[in-house]
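Data block below; observations after.
The values are calculated or read from the model by the stated rules, or taken from the named source; none is laboratory data. These numbers come from a predicted model, not from an experiment. We place every Cβ from the backbone using ideal geometry, glycine too, and count neighbours over all the protein chains shown.
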Amino acid sequence: MNKRLTMFGVLVLLSCAALAHASGAGPGVGADEALSLLKEGNARFVSGQMIHPRQDAARREQTAAGQNPFATVIGCSDSRDVVEQLFDQGVGDLFTIRVAGNPAHADVAGTAEYGAEHLGVHLLVVLGHAKCGAVVAAVASVAEGKKAGGNIDFLIAPILPAAAKAKHDFPELSGDALVEKAVTYNVWQSIDDLFRQSPILRGLVKEGKLTVVGAVYDIATGQVNWLGAHPEQARLLAYASGPDH
Amino acid sequence: MTVHSGNDAPVSADDALDRLMEGNARFLRGEPRFSREAKEVLAGLTKGQRPYATILGCSDSRVPPELIFDVGFGDLFIIRVAGNVVSPEVMGSLQYAGTHLKTPLFMVLGHEGCGAVQAALAAKFKGTQERSRIQLLLENILPGLDEVDMQLPTQQQMERAVEANVRWSMRQILESPEGRMRLAEGHMKLTGAVCEIATGRVRLLT
């Protein structure tokens, strides 16, 4: 009997979840709910039970007048980093910023501000990934003094501090193991860069209207590992820098 | 008609463009195929990626290129920033795609109803000032809007501006030393396109 009741409960929960997905998260989704939606979507992806929501003509018509994404994701340009698929989301769900190495330079910060201020998105995720080519290049640059040349140096520049910190903190590591540490540090570096540049993002977080978390995606399994808020967020929020100051 | 799979063989720029447009047709018909691939595909890609096209698009949630072109993991190298703007860092990603990944096709993909382009038009014609880093984004867009006529009706003005912004990003890529070099080698093709937001149809600019 108890087992049946539990089963019934699970079924009710599942159908509620299905309803929520059918209608789309819509505007005004809070950060906690947004994070749950992403975690559930990634769990569906990893278990091979994707539902590919909101990708049809009806959804396109519904969103034609304006977008109401429920999360902003800053990810990498890598062709394996298909953000909408990893989180099993559809059209109009995720405001997605992608540059090689998921950095947070001025354009990215401006885009993230647009998402938070103009679109009212309450959750911002900085998503790094294992074996990121840009991080590999930055680590090589720090470890071996290799210069890439041309505009690729602009690409690597924001990642260099993370690569140097990984090398400093883990002098015994090299190769993939060092890159793995640098990938996580690079996520923290991007969050640091966002807050350092943006009074808007700092203000929204202080007001409780925006949550910023880090995550790393394992390209072999599809699993997204959540890192939570920056460990030194209070210090970052105390920055006084940025164009409004 | 042959249906192409993602990572079978290196393709020419024209093949790559055909694949994308076939994929967009499947998306429009509601018969997606490759964007439905499960994570098993990832296992085959752990050693590296071999995308056949690089797309500079917008962060707008309604234009995820992988869904619109019905492609799978490993197919497209994607750069997305509001207003598909070009900056040194974006150029860095493009150059990485050109020199390391050697994708034969590059596409700048704008879209109807782009909020960043709309904000840039407001800045241009109404003097609206955005705050903080958003203003810097708009300053990347403004030089491309020189020839957009203030007298046009709003909707037409936006259509022109979206196209002008795609062409402006294309011009900045073409005029970069790397862009000039790659094009001179004859391996790379750069194309511009606009996604119609209500239908999902991608229209190539000529």
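Overview of results
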{"read-out": "In region B:44-57, residue nearest to B:L20 (Cα to Cα) [restricted to those that are more than 12 Å from the chain's Cα centre (by Cα) and more than 7 Å from chain A (Cβ to nearest Cβ)]", "value": "B:Y52"}
{"read-out": "Residue within region B:75-89 that is of a type in the set (F, W, Y) and farther than 28 Å from A:G150 by Cα present", "value": "no"}
{"read-out": "Scope region A:221-245; condition part of a loop (DSSP other than H, G, I, E, B) and either within 14 Å of A:K206 (Cβ to Cβ) or not polar (S, T, N, Q) (or both); matching residues", "value": "A:G222, A:A229, A:H230, A:P231, A:E232, A:A238, A:Y239, A:A240, A:G242, A:P243, A:D244, A:H245"}
{"read-out": "Test: residue in region A:156-173 that is more than 13 Å from chain B (Cβ to nearest Cβ), crowded, with 22+ Cβ neighbours inside 10 Å, in contact with a Leu (Cβ under 7 Å, 6 or more places away or on another chain) and not polar (S, T, N, Q)", "value": "yes"}
{"read-out": "Enumeration of residues in region B:159-196 that are among the small types (G, A, S), in contact (Cβ under 8 Å) with a residue 24 or more places away in the chain and not in a helix (DSSP H, G or I)", "value": "B:S176, B:G192, B:A193"}
{"read-out": "Output for region A:91-109, where each listed residue is within 7 Å of chain B (Cβ to nearest Cβ) and assigned to a loop (DSSP other than H, G, I, E, B)", "value": "A:V91, A:G92, A:D93, A:V99, A:A100, A:P103, A:H105"}
{"read-out": "A:A112, sole failed condition from (1) in contact (Cβ under 8 Å) with a residue 60 or more places away in the chain; (2) within 7 Å of chain B (Cβ to nearest Cβ)", "value": "(2)"}
{"read-out": "Selection from region B:81-103 of residues that are among the hydrophobic types (A, V, I, L, M, F, W, C), facing chain A (nearest Cβ under 7 Å) and assigned to a helix (DSSP H, G or I)", "value": "B:A82, B:V90, B:M91"}
{"read-out": "Residue match in region A:211-220 (condition: in contact with a Pro (Cβ under 9 Å, 6 or more places away or on another chain) and within 14 Å of chain B (Cβ to nearest Cβ))", "value": "no"}
{"read-out": "Selection from region A:130-141 of residues that are surrounded by fewer than 24 Cβ atoms within 10 Å (Cβ to Cβ) and either at pLDDT 95 or above or more than 10 Å from chain B (Cβ to nearest Cβ) (or both)", "value": "A:V136, A:A140, A:S141"}
{"read-out": "Among residues of region A:71-109, those that are in contact (Cβ under 8 Å) with a residue 60 or more places away in the chain, more than 22 Å from B:S93 (Cα to Cα) and of a type in the set (D, E, K, R), counted", "value": "1"}
{"read-out": "Residue in region B:47-89 that is modelled with the lowest pLDDT, counting only those that are at negative phi and acidic (D, E)", "value": "B:E89"}
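Condition check ((1) surrounded by fewer than 24 Cβ atoms within 10 Å (Cβ to Cβ); (2) more than 7 Å from every other protein chain (Cβ to nearest Cβ); (3) closer than 24 Å to A:G115 by Cα; (4) in contact with a Cys (Cβ under 8 Å, 6 or more places away or on another chain)) across all residues:
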position	(1), (2), (3), (4)
B:L20	no, yes, no, no
B:A25	yes, yes, no, no
B:G30	yes, no, no, no
B:A38	yes, no, no, no
B:L42	yes, no, no, no
B:S59	no, no, yes, no
B:I68	no, yes, yes, yes
B:I79	no, no, yes, no
